[in-house]
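What follows is a single structure, written as structure tokens, with notes after it.
The values are calculated or read from the model by the stated rules, or taken from the named source; none is laboratory data. Because the structure is predicted, anything quoted here is derived from the model rather than measured. Using ideal geometry, Cβ is built from the backbone for each residue, glycine included, and neighbour counts are taken over all protein chains shown.
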């Protein structure tokens, strides 16, 4: 036994948590709040944008501390949190609740991440005015931007919202809210005609004022072309290859937690991490340095 003075229980360090440590009350000095102009600057400079979904206060705070640029309160919560088979059953009130929870988590730690919230199925299809009312609910709950799915008819809705001061993220490719019409979770934009239509819709959404565009499960070559062509709209890939301006994954997927089959485009960052916070930091670093995704493994 050592002859040094024993450490008392009061001064013993707590055991290491497998989940990581909650972030400090304020962000590091080098971490500046993410804003729409800052996202545009990152896009212009070629700095990759790291985005993850978040559905509650604690994980939102941890993701912010890990350096995630954008948090998406995705309607994927229908599957992740509610156990639904698709996003179609998610209500606007549910989205408001989770957006409020994530926003409060960021406020608790003076968070700096940009907060995006999905407009759920049925909350914007009826009219531009319905979309404005729904977007207002989510913005008042703490969102900085709303996201909606689809091209063509959505263009004027995007323009209507942007003209009224609501930043919009568009979403093309696999659009989960219309999975039944698409015939399942399949790669979109394959072939010359399908690719040309997706490109046309993307340019129209940019012209309407969309500042970001999620490209889900589209061929990597098509996503790369769009990323080069769209000068004022940052592409965010999920199963769209490494050439996009940024990447997004469902938080639970990248932590290796999934109630069903893990999608091809996912990498389990918990596999080589001692805890959740290190896994989140590893994801951010891999997106920033371009090592994730690997087109040989995660793209079409």
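Restricting to segment 102-112, name every residue that is in a helix (DSSP H, G or I) and surrounded by 20 or more Cβ atoms within 10 Å (Cβ to Cβ). Quick ask: steps written out before the conclusion?
Restricting attention to segment 102-112, the residues satisfying the condition of being in a helix (DSSP H, G or I) are 102-108.
Those that are in a helix (DSSP H, G or I) and surrounded by 20 or more Cβ atoms within 10 Å (Cβ to Cβ): 102, 103, 105, 106.
Only one residue in 27, 120, 14 is outside any strand (DSSP E or B) and at pLDDT 95 or above. Which one?
120
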For this session: Within segment 30-54, track down each residue that is modelled with pLDDT of 95 or more, more than 18 Å from residue 226 (Cβ to Cβ) and within 20 Å of the chain's Cα centre (by Cα).
Result: 34, 35, 36, 37, 38, 41, 47, 50, 52, 53, 54
Problem set entry | Single residue of 109, 73, 88, 80 found to be within 20 Å of residue 284 (Cα to Cα) and at pLDDT 95 or above | 73
Exercise. Checking residue 185 against (1) buried (at least 20 other Cβ atoms within 10 Å of the Cβ); (2) under 23 Å from residue 242 (Cβ atoms); (3) under 20 Å from the mean Cα position of the chain (by Cα), which single condition isn't satisfied?
Worked result: (1)
Exercise. Based on what the data block shows, is residue 222 over 24 Å from residue 146 (Cα atoms) and under 21 Å from the mean Cα position of the chain (by Cα)?
Worked result: yes
Problem set entry | Output for segment 180-232, where each listed residue is at pLDDT below 95 and in contact with a strand residue (DSSP E or B) (Cβ under 9 Å, 6 or more places away or on another chain) | none
For this session: Could you pull out the residue among 205, 226, 222, 215 that is under 20 Å from residue 267 (Cα atoms), touching a residue at least 12 places away in the same chain (Cβ under 8 Å), in contact with a helix residue (DSSP H, G or I) (Cβ under 8 Å, 6 or more places away or on another chain) and not in a loop (DSSP other than H, G, I, E, B)?
Result: 215
